[in-house]
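Chemist: Take this structure, written in structure tokens, and hold onto it; I'll ask about it next.
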Amino acid sequence: MSLHSLEKKFLDAFPVDRRNNWPIVVAVSGGPDSVALFHLVRRTQPPTCGPVVLAHVNHQLRGPESEEDAQFCEELARQAGVAFRLFVRPIRPEDTSGLGLEAAARHLRYQALKEAAEDVGARYVLTGHTANDQVETILYRVFRGAGLRGLCGIPRSRAFGPGVLLRPLLGIYREELIQYLREHNWSYRSDRTNESTDFARNCIRHVILPEAVRGVHPAAIQGVLRVGLNAQDAWAFLEAVVNEALTCSLVSQSPIEVVLRRDAIRYRHPFLVRQMILELWRQQQWPLRKLTRDHLLELTDLIREGTAPSCRHFPGGIEARLTGDRIVLCRLIGCRPLEPPVDHTGSD
């Protein structure tokens, strides 16, 4: 069987030698991106590799259309001769508290996909995020005022339960995937809510990006992607500098307390100090959602200048105090965050 040009491109992103005989879970919503992903996996998967499992999560948000999506995915799996896993995860009002509908759905969806991976022993869980999704994510984070880490966009891979969450389509545009489906006469489902500009990402997709291409620069989409790639390079460098600085300044670290040498930090650039603080918060899994820039500036000033008062309190029950030439950050006993730890960059 000769390979389509898009299948060759897909193999560059997800080579056969990475797959071995591990099961692969492919997340399929029924839309064109994830359906194309499923066909790309199926068409490039040698018989010697592990089985493919099609996983679908039904949030029951669109009534009969949601049920039809699930039936479509089940039939897609049946025709391809692969296992099908259906997860029904309706979104309750309490699920959206502090998150919003889209974020709550994403959280439940990833929980279900992680469960699927654990059940079948999959090393990889694949999702259909495309280059278009990357552009939309970067712009959305720009509008929210994200820092350098947020401008990196959606990571190509990350640890996920017992395996890895992989997004092999990040270098492929949605238009390429739709053309691929049309050439093979493969059907897919259309979600009419994706056309509504009531959602922020849809507004970026249907209003802002087309206007940017038309009125600002014809290569606006590619330009945003380059911003993301440049941010990834800069972030990788910054991460190395931050970790080296933390290693030099760390006295002790436990689940509830971190002690740092103030003399190893106070003369460093304020931006680096703020990044060190954020990295410590992530390592400790302390809540980031309510840790604002003002909080970071306040804590940076305390570390560098030793200004009074020498004991400060921060969201999530975190106390910072100066003790001699030490800065002590601790989680007060009995304090619990109002929500799970959430990164400033958002999650996808």
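The values are calculated or read from the model by the stated rules, or taken from the named source; none is laboratory data. Since the model is a prediction, treat every value here as computed from it, not as a measurement. In this analysis, Cβ positions are derived from the backbone assuming ideal geometry, glycine residues included, and neighbour counts consider all displayed protein chains. Quick note on the areas: whole protein, heavy atoms, side chains included, nothing else; ligands and nucleic acids left out. Shrake-Rupley method; radii C 1.70, N 1.55, O 1.52, S 1.80 Å.
Chemist: Contact list please: Cβ distance under 7 Å, first residue in region 277-306 and open to solvent by less than 60 Å² (accessible area, probe 1.4 Å), second residue of a type in the set (Gly, Ala, Ser) and assigned to a loop (DSSP other than H, G, I, E, B), pairs at least six apart or on different chains.
Modeler: Filtered contacts from region 277-306: Trp286/Gly316; Pro287/Gly316.
Chemist: Also, I was wondering about something else. Would you tally the residues in region 107-136 being within 23 Å of Cys152 (Cα to Cα) and either β-branched (Val, Ile, Thr) or open to solvent by less than 50 Å² (accessible area, probe 1.4 Å) (or both)?
Modeler: Counting residues in region 107-136 that are within 23 Å of Cys152 (Cα to Cα) and either β-branched (Val, Ile, Thr) or open to solvent by less than 50 Å² (accessible area, probe 1.4 Å) (or both) gives 14.
Chemist: May I pose another question? So which pairs qualify, if the first residue must be in region 247-273 and over 18 Å from Gln284 (Cα atoms), the second must be of a type in the set (Lys, Arg) and open to solvent by less than 80 Å² (accessible area, probe 1.4 Å), the Cβ gap must be under 7 Å, and the two must be at least 6 apart or on different chains?
Modeler: These pairs meet every condition: Arg266/Arg304; Pro270/Arg304.
Chemist: While we're looking at this one, here's another question. If you scan region 68-98, which residues turn out to be at pLDDT below 95 and open to solvent by 70 Å² or more (accessible area, probe 1.4 Å)?
Modeler: Result: Arg92, Pro93, Glu94, Ser97.
Chemist: Moving on to the next point. Considering Arg274, Arg266, which residue is over 25 Å from the mean Cα position of the chain (by Cα), open to solvent by 20 Å² or more (accessible area, probe 1.4 Å) and either within 14 Å of Ile327 (Cβ to Cβ) or not acidic (Asp, Glu) (or both)? Write out each step before concluding.
Modeler: Values: Arg274 fails: over 25 Å from the mean Cα position of the chain (by Cα).
The unique qualifying residue is Arg266.
Chemist: In addition: I need every pair where a residue in region 159-171 that is of a type in the set (Phe, Trp, Tyr) has its Cβ under 6 Å from the Cβ of a residue that is surrounded by 22 or more Cβ atoms within 10 Å (Cβ to Cβ) and part of a strand (DSSP E or B), sequence separation at least 6 or different chains.
Modeler: Short answer, once both residue conditions are applied: Phe160/Val125.
Chemist: Consider Glu211 against the criteria (1) among the charged types (D, E, K, R); (2) open to solvent by 20 Å² or more (accessible area, probe 1.4 Å); (3) closer than 29 Å to Val41 by Cα: it satisfies all of them except one. Which criterion is unmet?
Modeler: (3)
Chemist: For region 137-163: of the residues being under 23 Å from Cys49 (Cα atoms) and open to solvent by 40 Å² or more (accessible area, probe 1.4 Å), which is modelled with the lowest pLDDT? Steps first, please.
Modeler: So the first thing to find is which residues in region 137-163 are under 23 Å from Cys49 (Cα atoms), and the list is 156-163.
With open to solvent by 40 Å² or more (accessible area, probe 1.4 Å) added as a condition, the list becomes 156-159, 161-162.
Working: Arg156: 95, Ser157: 95, Arg158: 94, Ala159: 93, Gly161: 84, Pro162: 81.
Checking each candidate, the answer is Pro162.
Chemist: Give me the residue from region 307-326 that is open to solvent by 60 Å² or more (accessible area, probe 1.4 Å), of a type outside the set (Lys, Arg) and part of a strand (DSSP E or B) and, out of that set, farthest from Ala264 (Cα to Cα).
Modeler: Among those residues, the one meeting the criterion is His313.
Chemist: Is it the case that Val53 is touching a residue at least 60 places away in the same chain (Cβ under 8 Å) and not in a loop (DSSP other than H, G, I, E, B)? I'd like the intermediate steps shown before the answer.
Modeler: Numbers: touching a residue at least 60 places away in the same chain (Cβ under 8 Å): yes; not in a loop (DSSP other than H, G, I, E, B): yes.
Judged against the criteria, Val53 is a match.
Chemist: May I pose another question? Considering each residue of region 168-197, count those that are touching a helix residue (DSSP H, G or I) at 6+ places or on another chain (Cβ under 7 Å), of a type in the set (S, T, N, Q) and outside any loop (DSSP other than H, G, I, E, B), and give that number.
Modeler: 1
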